[in-house]
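Scroll down for the structure; my scribbles are underneath it.
The values are calculated or read from the model by the stated rules, or taken from the named source; none is laboratory data. This one's a predicted model, so the numbers in the text were calculated from it and none came from an experiment. Ideal geometry is used to build each Cβ from the backbone, glycine not excepted, and the neighbour counts take in all protein chains shown.
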Amino acid sequence: MQEGGSASGKPRETKVTNPLWLNAEITFRCPLHCVYCYNPVDYARSGPELTTDEWLRVLRQARELGAVQLGISGGEPLMRDDVEVMITEAHRLGYYSNLLTSGVGLTEKRIAAFKEGGLDQIQLSFQDSTRELNDFLSSTRTFELKSKVAKLIKQYEYPMVLNVVLHRLNIDHIQAILDMAEAMGAEHVELANTQYYAWALLNRDQLLPSSEQLRRAEEITNQFRARVGNKMKLYFVVPDYYANRPKACMNGWGSVFLNVAADGLALPCHEARMLPGLTFPNVRDHDVRWIWYESPGFNAYRGDSWMKEPCRSCPEKVKDFGGCRCQAYMLTGDATNTDPVCDLSPNHRLITDVVARAQTAGPQVKVQPIVFRDDKNSRRLSEKKTQPESAPVR
Ligand code: SF4
Ligand code: SF4
């Protein structure tokens, strides 16, 4: 734990603890085109990727600050040919390292090198249990390849960690998804309902399930869990649009999580680069210690002095920190507002209106064509800078 003055020279009101988790988004390149991708919509205009040496410096500096978990993600991290070097260094530094991959590019040669280098875990994502929907949602033919990669992961004695993002189009396949996970010998399965940021926000009306779909999926998951017991750890993450309190986003701004994006931008969460009025530091210009403790961007929403009512006087603020700053900005136009997921927020109708639409519309809402994550769409959307359908309420 460390205390100190802020970049503005004012004394800090909040004790700042060390980062525990470094997420290295080593590239925004990806051969897949997922309709719910969490990469920034305007990723195509981001600057050049950090070099290998720059990444190794970031790993060392974050470890010196106390980070112990390392996520190597993207884009598709295997688009880079220096992942092996990063893994070896991460292992030497004492990180627990986790590679988050779609499986594309994971050859036997590479997985053998990862094992040799000391990689601790591989998290493999599937879009669905069927080839048809897997390939539609990612706009690629990757289902067979992922199935082969799943076998390689077992062969190299990694724990089988599967991630499937759930939404309106695949949630009714939950039984088949769970059966697929069991057949693959999965030990950990994360059924993560889509959270509505970035590309998922653009496609929200196509992706948000109805409450009946959600109820059924949870019921099936619970029955499955009761049957398989400890053989498989199952996480079912409910979409926060169906909650009445927001999530404690990143366990609090600048509290434990440090994200470094492909272009070197250091962020308190994946999405924060969109927030207006904040300048986030780049690891090319500053060391990680200064970034974490001193940079104005990382200090912006620490503590609670920035909060407005109803959060400011709410006893629950110590649990949820007023929710997500990015969601507050995306939906209301002001990052200091209460996250509208909270039913105490004066803007809560921005959530309930969308949820109401999800109940009444047909199985596949055709509000607008579904938008795939690709460079062309990213460039087009960067120019347009579209807002979500809900008008910002200030
Ligand atoms: S969500 Fe899909 S498109 Fe986005 S980085 Fe992951 S695999 Fe690539
Ligand atoms: S008003 Fe703010 S602090 Fe209170 S429960 Fe809602 S989001 Fe959390």
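Taking each residue of segment 168-197 that is within 17 Å of Glu132 (Cα to Cα) and looking for partners that are surrounded by fewer than 18 Cβ atoms within 10 Å (Cβ to Cβ) and among the hydroxyl-bearing types (Ser, Thr, Tyr) with beta-carbon atoms closer than 7 Å, six or more apart or interchain, yields His173/Thr130. Quick check, is Leu99 in contact (Cβ under 8 Å) with a residue 24 or more places away in the chain, under 28 Å from Asp374 (Cα atoms) and more than 10 Å from ligand 1 (Cβ to nearest atom)? When the stated conditions are applied, Leu99 passes them.
Rundown of residues vs (1) within 16 Å of ligand 1 (Cβ to nearest atom); (2) over 18 Å from the mean Cα position of the chain (by Cα); (3) modelled with pLDDT of 95 or more, yes/no style:
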site	(1), (2), (3)
Val260	yes, no, yes
Leu265	no, no, yes
Glu271	yes, no, no
Pro276	no, yes, no
Asp285	no, yes, yes
Trp292	no, yes, yes
Glu309	no, yes, yes
Gly323	no, no, yes
Asp343	no, yes, yes
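Arg131 falls short on exactly one of the conditions (1) modelled with pLDDT of 95 or more; (2) touching a helix residue (DSSP H, G or I) at 6+ places or on another chain (Cβ under 6 Å); (3) surrounded by fewer than 17 Cβ atoms within 10 Å (Cβ to Cβ), and that condition is (1).
Taken together, the residues in segment 325-341 that are within 11 Å of ligand 2 (Cβ to nearest atom) and either over 19 Å from the mean Cα position of the chain (by Cα) or touching a residue at least 60 places away in the same chain (Cβ under 8 Å) (or both) amount to 6.
Looking only at segment 251-279, which residues are farther than 20 Å from Ser73 by Cα and in contact with a helix residue (DSSP H, G or I) (Cβ under 8 Å, 6 or more places away or on another chain)? Of everything in segment 251-279, those that are farther than 20 Å from Ser73 by Cα and in contact with a helix residue (DSSP H, G or I) (Cβ under 8 Å, 6 or more places away or on another chain) turn out to be Trp253, Leu275, Pro276, Leu278, Thr279. The set of residues from segment 22-47 being among the small types (Gly, Ala, Ser) and crowded, with 20+ Cβ neighbours inside 10 Å comprises just one member, Ala24. Here is the figure for segment 105-143: residues that are within 16 Å of ligand 1 (Cβ to nearest atom), within 20 Å of Asp179 (Cα to Cα) and among the polar types (S, T, N, Q) total 5. With respect to Gly74, is the statement that it is more than 16 Å from ligand 2 (Cβ to nearest atom) and either closer than 25 Å to Val288 by Cβ or hydrophobic (A, V, I, L, M, F, W, C) (or both) true? Here the answer is yes, as Gly74 does meet what is asked.
Against the numbered list (1) of a type in the set (A, V, I, L, M, F, W, C); (2) touching a strand residue (DSSP E or B) at 6+ places or on another chain (Cβ under 9 Å); (3) not in a strand (DSSP E or B), Cys342 comes up short only at (2).
For Gly117, the criteria (1) touching a His at 6+ places or on another chain (Cβ under 7 Å); (2) surrounded by fewer than 18 Cβ atoms within 10 Å (Cβ to Cβ) hold in every case but one, which is (2). Within the set Leu50, Leu93, Leu70, the sole residue that is buried (at least 17 other Cβ atoms within 10 Å of the Cβ), at pLDDT 95 or above and over 27 Å from Tyr197 (Cα atoms) turns out to be Leu93.
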